[in-house]
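K.L.:
Here it is, the structure in full.
The values are calculated or read from the model by the stated rules, or taken from the named source; none is laboratory data. Quantities reported herein were computed from a predicted structural model and do not represent experimental measurements. Neighbour counts run over all protein chains shown; Cβ positions are idealised from the backbone, glycine included. The accessibility values were calculated without ligands, DNA or RNA, using every heavy atom of the protein model including side chains. Shrake-Rupley method; radii C 1.70, N 1.55, O 1.52, S 1.80 Å.
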Amino acid sequence: MNNYSLHRYLQTKVEEKCKKLPLEFNDINEWHQYKTNLKNWLIENLPVVRNSYTGKGESTGVFEISDTVELETVDVMFDENLAIPVSIYRPNVAGPHPAVLVCPGFGTPANTGYYVSFAIGLAQKGIAAAVIEYGGTGLCADRPDCETNINNIASAAHLLGMNEAGFRVSYNISVYEFLRCDPKVISDRIGITGLCQGAITAMYTIAVEEGFAAFSPLCGVSTYEAEVLDYSGRQGGWTGISPFVFNVLEYGDFMHFIASFAPKPLFVVNNLTDIHWPLQGLEKTQKFVRHIYGLADASDACSFRLTNSPHSYEGENASSITDFFINAIGV
């Protein structure tokens, strides 16, 4: 009987493409050459938008959260006619301080409770936390249903030869540049973390911007291969094209982008009960990333953990990632 399913047809094509991706490198120099080519391709094809407004911003308010934490709201300028709202939770003591850029997941505003609690927790430990707002969500929303809003953005971006994922990465880089120029922040001790799609955004960000000092993706690591062959095939599927980069499997999958962070501190946390991130993809990524960290003589700087916590910065997820950043970038 003939196959009528276009999805199954494409699954076969994805599987064939992924088999051609390199999973072994003989030495660190061979990896660095591959990594450089991958970075250059991403910069051009996300694409990464850099402009004269990167790094500029203005404070829109300062609020006391407690005796130890204050919130500063900032508009970071992305372009002449576009600003990025950022909530920066700062230790209420003399600085400068290390900082962490927090990347929310799909459709979750920056003021979602667990982002706020996690950011306050970091600030209480002496680390500033900047929670970014992405297009179509929260203060950046154009309509009440974020899924349609984000799909509209992705569609308009595609008409211009751009990916919505690229705008998220570009937002991150603009906020990173703002933090790097902020006298209240220690410029070479800025980490990055992200939840779910925020982990994907952070993954691409560290692949094209090498200034981050530590990286911890949460509930967002598997492979695109496993997403297509397992998650979308059996258990669900993405609500839109936002996390996907056109033709990316010609050049790399999750493991290649995450491994590009070697030899700097990396802490990957996934939720055992989270169906969005198939375990076979996590295993494949873990094996490859540890291989590259080994080539870089930095095996101790790379760790993976499965938790039985909510799909959020709560419980063990929040505490373990906070401890990671304290050890990786200090207080």
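K.L.:
Select from the stretch 229-242 the residues that are surrounded by fewer than 24 Cβ atoms within 10 Å (Cβ to Cβ) and in contact with a helix residue (DSSP H, G or I) (Cβ under 9 Å, 6 or more places away or on another chain) and list them in ascending order.
P.N.:
Within the stretch 229-242, LEU229, ASP230, TYR231, SER232, GLY233, GLY237, TRP238, THR239, GLY240, ILE241 meet the criteria.
K.L.:
Give all pairs with beta carbons closer than 6 Å in which a residue from the stretch 38-57 that is at negative phi and touching a residue at least 40 places away in the same chain (Cβ under 8 Å) meets a residue that is of a type in the set (D, E, K, R) and open to solvent by 60 Å² or more (accessible area, probe 1.4 Å); count only pairs at least 6 apart in sequence or on separate chains.
P.N.:
What qualifies is TYR53/ASP79.
K.L.:
Quick check on the stretch 270-283. Is at least one of its residues in contact with a His (Cβ under 7 Å, 6 or more places away or on another chain) and either without any contact (Cβ under 8 Å) to a residue 40 or more places away in the chain or of a type in the set (Asp, Glu) (or both)?
P.N.:
The answer is yes; a qualifying residue exists.
K.L.:
Quick one: what pairs do we get from the stretch 166-178, first residue without any contact (Cβ under 8 Å) to a residue 60 or more places away in the chain, second open to solvent by less than 10 Å² (accessible area, probe 1.4 Å), C-beta under 8 Å, 6+ apart or different chains?
P.N.:
No pair meets every condition.
K.L.:
Filter the stretch 278-288 down to the residues that are in a helix (DSSP H, G or I) and within 29 Å of ASN37 (Cβ to Cβ) and list them by number.
P.N.:
Once the filter is applied, which keeps residues that are in a helix (DSSP H, G or I) and within 29 Å of ASN37 (Cβ to Cβ), the stretch 278-288 yields GLN280, GLY281, LEU282, GLU283, LYS284, THR285, GLN286, LYS287, PHE288.
K.L.:
For the stretch 117-166: of the residues being among the hydroxyl-bearing types (Ser, Thr, Tyr) and closer than 24 Å to LEU42 by Cα, which is most open to solvent (accessible area, probe 1.4 Å)?
P.N.:
Residue satisfying both the conditions and the ranking: SER155.
K.L.:
Next question, about the same structure. What residue, of VAL331, VAL268, is exposed (fewer than 15 other Cβ atoms within 10 Å of the Cβ), in contact with a Lys or Arg (Cβ under 8 Å, 6 or more places away or on another chain) and either of a type in the set (A, V, I, L, M) or not in a helix (DSSP H, G or I) (or both)?
P.N.:
None of the other options fit; the residue is VAL331.
K.L.:
Also, quick follow-up: Can you tell me which condition GLY294 does not meet? The list is (1) open to solvent by 10 Å² or more (accessible area, probe 1.4 Å); (2) in a helix (DSSP H, G or I); (3) more than 24 Å from ASP230 (Cβ to Cβ); (4) in contact (Cβ under 8 Å) with a residue 12 or more places away in the chain, and all the others hold.
P.N.:
Single failed check for GLY294: (4).
K.L.:
Name, by its number, the condition in (1) more than 19 Å from ALA207 (Cα to Cα); (2) surrounded by fewer than 18 Cβ atoms within 10 Å (Cβ to Cβ) that does not hold for SER312.
P.N.:
Condition (2) is where SER312 drops out.
K.L.:
Another question about this same structure. Give, as residue ranges, the helices (runs of 4 or more DSSP H) completely inside the stretch 134-243 that count at least 1 residues that are within 17 Å of VAL76 (Cβ to Cβ).
P.N.:
Of the helices (runs of 4 or more DSSP H) lying wholly inside the stretch 134-243, those with at least 1 residues that are within 17 Å of VAL76 (Cβ to Cβ) span 164-181, 197-208.
K.L.:
Pick from ILE326, ILE275: which is surrounded by fewer than 20 Cβ atoms within 10 Å (Cβ to Cβ) and part of a loop (DSSP other than H, G, I, E, B)?
P.N.:
Exactly one of ILE326, ILE275 is surrounded by fewer than 20 Cβ atoms within 10 Å (Cβ to Cβ) and part of a loop (DSSP other than H, G, I, E, B), namely ILE275.
K.L.:
If LEU249 meets every condition in (1) among the hydrophobic types (A, V, I, L, M, F, W, C); (2) assigned to a loop (DSSP other than H, G, I, E, B); (3) modelled with pLDDT of 85 or more; (4) surrounded by fewer than 23 Cβ atoms within 10 Å (Cβ to Cβ) apart from one, which number is that one?
P.N.:
Of the numbered conditions (1) among the hydrophobic types (A, V, I, L, M, F, W, C); (2) assigned to a loop (DSSP other than H, G, I, E, B); (3) modelled with pLDDT of 85 or more; (4) surrounded by fewer than 23 Cβ atoms within 10 Å (Cβ to Cβ), the odd one out for LEU249 is (2).
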